[in-house]
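All of the numbers you see were taken from the coordinates with simple rules; none came from a lab. Bear in mind that the values here come from a model prediction, so they are computed numbers and not experimental data. Using ideal geometry, Cβ is built from the backbone for each residue, glycine included, and neighbour counts are taken over all protein chains shown.
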Amino acid sequence: MSEMVSPDNQKRNSLTRKIVVDLTIMTVIGIALAFIGPFGSFEQPLAYRLVAWLGFAYLGYAIYSPMSFVVEKLGSSLDLPRPGLWVAAVLFATIPMAVAVWSIGFLPGPIRMPTLEQALTIYMYVLVVGGGVTALFYALESRQVTPEAPAVARVDDDPRQEPPQPDPPIRFLERLPPNLGTNLIALEMEDHYVRAHTDMGSDLILLRMRDAVAELDGMDGAQVHRSWWVARSAVEGARREGRNVRLQLSSGLEAPVSRGAAPDLKEQGWF
């Protein structure tokens, strides 16, 4: 009998896996930039470029990565568009990153203040790299699923009899690890991932919410909020907080309902 994993351990394992994957990507990016030698760094020896660019890659991850938490919290609580929040987050995160890049160049000696032109130049250099890496992570969110060959239905000897038409598979359920089963309750957007909640636990899936919802076509559920999709069978009730509505799910979770989706869901009898 397989040992049950607690939700806290599941979250910890998912976070560890995410960090390992992200740092592996940043290592590849750092090595690639070291060999390319952009922004005049190609004049330095390769060993120096490797140390410098790998250091910048890891430092950039430490500075830019927490912005995803801010974006998701603001987006969920204020129902703001994610693209605009991400642009603002990258512009903001570039400031401390640019300060760090400028300061590191003077170590171990004293650090002097840059001129306005130098400050703008280093900011733009860092913004190009930081924005490019952020865009790359977004591109990696959507993994292409290789379409499977359709099953061939057996046709009886009677040519007049129509072959049975199987229900199309729910593609997203094929992404779930075996220990979660396939009784999907809800999807919750986290950073570059969606967290799939089932009656057996939860886990992170590297996929954008809109792509996950597209792969759930044919399943009775709805995207009730920008960051939540809910299976209709999992809804046990609703709780109101002023003008806000939260769906109470069978697993004990509560999913927020956006004000735009609330009228349609109410009309359809969700609450």
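Things worth noting here:
- Take the Cα of L91, step 7 Å toward its Cβ, do the same at S41, and the gap between the two points is 2.6 nm.
- FRET efficiency for the D199 to Y48 pair, using the beta carbon distance and R₀ = 45 Å, is estimated at 0.25.
- Calculated from backbone phi, Karplus (6.51, -1.76, 1.60) coupling profile of the stretch 177-191 in Hz, x at Gly/Pro: x, x, 5, 8, x, 10, 7, 6, 9, 7, 10, 10, 6, 9, 6
- Long-range HN-HN contacts of A238 with modeled amide H, under 5 Å: Q248
- For the stretch 227-243, backbone phi angles converted through the Karplus equation (6.51, -1.76, 1.60; θ = phi - 60°) give residue-by-residue couplings of 10, 9, 10, 10, 6, 4, 5, 8, 7, 10, x, 9, 10, 9, 10, x, 8 Hz, Gly and Pro being listed as x.
- Potential extension, L107-M219 segment - 0.36 nm per residue separation minus Cα distance: 34.5 nm
- Computed from label points 7 Å out along Cα-Cβ, the spacing between I31 and R17 is 2.3 nm.
- Per-pair calculated FRET efficiency, R0 = 41 Å: S250 and Y58 via Cβ, rounded to 0.05: 0.50
- In a fully extended conformation the segment linking T121 and R210 would gain 28.4 nm over its present Cα-Cα distance, using 0.36 nm per residue.
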